[in-house]
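Undergrad: Got a structure for you, questions after.
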C-alpha cells in the first residue's frame with residue numbers, strides 16, 4: 001500500500017497568468033510542509049503557466065506540476081476534476097489545499113467525492129498535530145459562533161479550502177531552487193458537459209473591497225441605517241472603501257458586496273477600522289490578516305478589542321458626527337481627509 005506523503009496546493013490562473021491566490025496558498029502550505037518535513041508541491045492547470053512557474057518556487061514551492069492545454073485556459077469543473085484526480089491517485093499527497101474561490105469551491109467537493117475523502121471548507125486556521133501527523137482544520141461553525149477543529153484520520157488526501165486574503169504570501173526568494181514538471185495530459189480527460197458561451201468581468205465593489213488598503217467597516221452597533229451611510233463619506237475622506245458585518249448586511253444597511261467575514265469577503269488591508277462591530281469569529285475570519293486594526297465600540301468587552309491594535313470605548317452616536325465635522329473642516333482647510341487627527 002502506497003503511503004500518502006507531501007503537501008499539495010492547487011494554484012489558479014486567469015487567462016494564462018498565475019493568480020495571486022496561488023502565492024497565498026503556498027504560504028499556508030509551506031508552514032505545513034515544514035512541520036511534516038515533506039515537499040510542498042503546487043499544481044497548476046491551465047495555459048501559458050510553465051513560463052511563470054519559477055515565481056511559484058520563489059514563493060515557497062519545492063516542485064511545480066504544470067498541466068497545460070488550450071482547452072484548459074478557462075475553468076470547467078469536468079476536465080479539471082478528472083486531471084487533478086488522476087494526478088492525486090498517481091502521486092498520493094497527504095494534504096491538498098485550494099482557495100475558497102469559485103474554482104476551489106466548485107472543484108474541491110467533486111474531488112473529495114471522487115477520492116472518497118473528507119473536505120473542510122472555508123478554514124481560518126491550518127496546523128499539524130505533531131503526535132498523529134494529522135492536518136488540524138479550523139473553521140467557524142454554528143453560524144460563526146464557535147470554532148471547530150476537524151481531522152481526517154482515515155482517508156487521504158486531507159482536503160481543505162481557505163479564504164483568499166486570509167494569509168499574506170511569503171516574500172519572494174529568487175535564490176530558491178525547485179523542480180518544474182510538465183505533466184502529460186491524457187486527451188480523454190478533456191471532455192466537458194459545459195459549453196462556455198462568453199465571459200463578463202465583474203466590476204462590482206466586491207473586487208475593490210479585497211484590494212483596498214484602508215477599510216471603514218460598520219456593524220450593528222451603529223444602530224441606524226443613516227449612521228451606517230455616514231461611513232461612505234468617512235471612507236471617501238480617508239481614501240478607503242466601506243465594509244460591513246453580516247448583521248449590517250442582514251439589516252439591509254449594505255449590500256453583500258460589502259460584507260467582510262467567512263460568509264463574505266476576506267480582506268487584507270493596511271488599516272481596518274471597525275465601527276460598532278462586536279467581532280464574531282465569522283467576521284474576524286475575514287479581516288484577521290489586516291496589518292493594523294482600529295476598533296471603536298460602546299461595549300468594552302467586545303471580542304473585536306482582542307485583535308485591535310488601537311481600541312476606543314465610545315458611543316458612536318456621539319463620536320461619528322464629531323468625526324465627520326472634523327474631516328469636513330480639514331478638507332475645506334487643506335483639501336485632504338486623513339484620520340482627522
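Undergrad: Of all residues in region 307-322, how many are over 13 Å from residue 222 (Cα atoms) and in contact with a helix residue (DSSP H, G or I) (Cβ under 9 Å, 6 or more places away or on another chain)?
TA: 4
Undergrad: Let me ask another. Of the conditions (1) modelled with pLDDT of 90 or more; (2) outside the structural domain of residue 234 (by TED's automatic domain parsing), residue 341 satisfies every one except a single condition; which number is it?
TA: Result: residue 341 passes all but (1).
Undergrad: Also: Which of the residues spanning region 245-266 are over 12 Å from residue 216 (Cβ atoms) and part of a loop (DSSP other than H, G, I, E, B)?
TA: Residues satisfying the conditions are 245, 251, 252, 253, 255, 261, 262, 263, 264, 266.
Undergrad: Quick test of your reading of the structure: residue 188 fulfils all but one of (1) within 30 Å of residue 215 (Cα to Cα); (2) modelled with pLDDT under 90; (3) surrounded by fewer than 17 Cβ atoms within 10 Å (Cβ to Cβ). Name the failing condition by number.
TA: (1)
Undergrad: Right, here's the next one. Quick test for you: out of 262, 275, pick the one residue that is buried (at least 16 other Cβ atoms within 10 Å of the Cβ), at pLDDT 95 or above and touching a strand residue (DSSP E or B) at 6+ places or on another chain (Cβ under 8 Å).
TA: Step by step, each of 262, 275 is checked, and only 275 is buried (at least 16 other Cβ atoms within 10 Å of the Cβ), at pLDDT 95 or above and touching a strand residue (DSSP E or B) at 6+ places or on another chain (Cβ under 8 Å).
Undergrad: Residues of region 62-105 being in contact (Cβ under 8 Å) with a residue 40 or more places away in the chain, in contact with a helix residue (DSSP H, G or I) (Cβ under 7 Å, 6 or more places away or on another chain) and assigned to a helix (DSSP H, G or I), which ones?
TA: Those that are in contact (Cβ under 8 Å) with a residue 40 or more places away in the chain, in contact with a helix residue (DSSP H, G or I) (Cβ under 7 Å, 6 or more places away or on another chain) and assigned to a helix (DSSP H, G or I): 71, 72, 77, 79, 82, 83, 84, 86, 88.
Undergrad: Sticking with this one: I'm trying to understand the selection: among the residues of region 110-142, which are without any contact (Cβ under 8 Å) to a residue 12 or more places away in the chain and either buried (at least 16 other Cβ atoms within 10 Å of the Cβ) or within 22 Å of residue 281 (Cβ to Cβ) (or both)?
TA: Within region 110-142, the first condition is being without any contact (Cβ under 8 Å) to a residue 12 or more places away in the chain, and the residues that meet it are 113, 131, 141-142.
Matches in region 110-142: 141, 142.
Undergrad: Do the conditions hold for residue 236, that is, is it in a helix (DSSP H, G or I) and in the same structural domain as residue 212 (by TED's automatic domain parsing)?
TA: Judged against the criteria, residue 236 is a match.
Undergrad: So, one more: Among the residues of region 281-294, is any under 18 Å from residue 230 (Cβ atoms) and either assigned to a loop (DSSP other than H, G, I, E, B) or touching a helix residue (DSSP H, G or I) at 6+ places or on another chain (Cβ under 9 Å) (or both)?
TA: At the first step, the residues of region 281-294 found to be under 18 Å from residue 230 (Cβ atoms) are 294.
Of the ones still in play, those that are also either assigned to a loop (DSSP other than H, G, I, E, B) or touching a helix residue (DSSP H, G or I) at 6+ places or on another chain (Cβ under 9 Å) (or both) are none.
No - not one qualifying residue is present in region 281-294.
Undergrad: Then there's this: From (1) crowded, with 21+ Cβ neighbours inside 10 Å; (2) at pLDDT 90 or above, pick out the condition that doesn't hold for residue 13.
TA: Among (1) crowded, with 21+ Cβ neighbours inside 10 Å; (2) at pLDDT 90 or above, the lone unmet condition for residue 13 is (2).
Undergrad: Now for a separate question. Could you list, in sequence order, all residues of region 143-152 that are more than 28 Å from residue 13 (Cβ to Cβ) and free of Cβ contacts under 8 Å to residues at least 60 places away in the same chain?
TA: Correct list: 148, 149, 150, 151.
Undergrad: Among (1) in contact (Cβ under 8 Å) with a residue 60 or more places away in the chain; (2) part of a loop (DSSP other than H, G, I, E, B); (3) closer than 18 Å to residue 222 by Cβ, where does residue 327 come up short?
TA: (2)
Undergrad: Could you list all residues from region 1-55 that are in contact (Cβ under 8 Å) with a residue 60 or more places away in the chain and under 14 Å from residue 182 (Cβ atoms)?
TA: Hits for region 1-55 are 50, 53, 54.
Undergrad: From 298, 229, grab the single residue that is more than 27 Å from residue 161 (Cα to Cα), in contact with a helix residue (DSSP H, G or I) (Cβ under 7 Å, 6 or more places away or on another chain) and not assigned by TED's automatic domain parsing to the domain that holds residue 101. Spell out the reasoning first.
TA: Values: 229 fails: in contact with a helix residue (DSSP H, G or I) (Cβ under 7 Å, 6 or more places away or on another chain).
Among 298, 229, only 298 is more than 27 Å from residue 161 (Cα to Cα), in contact with a helix residue (DSSP H, G or I) (Cβ under 7 Å, 6 or more places away or on another chain) and not assigned by TED's automatic domain parsing to the domain that holds residue 101.
The values are calculated or read from the model by the stated rules, or taken from the named source; none is laboratory data. From a predicted model like this one, the values you see are computed outputs, not experimental measurements. Cβ sites come from the backbone with ideal geometry, for glycine too, and all protein chains shown count toward neighbours.
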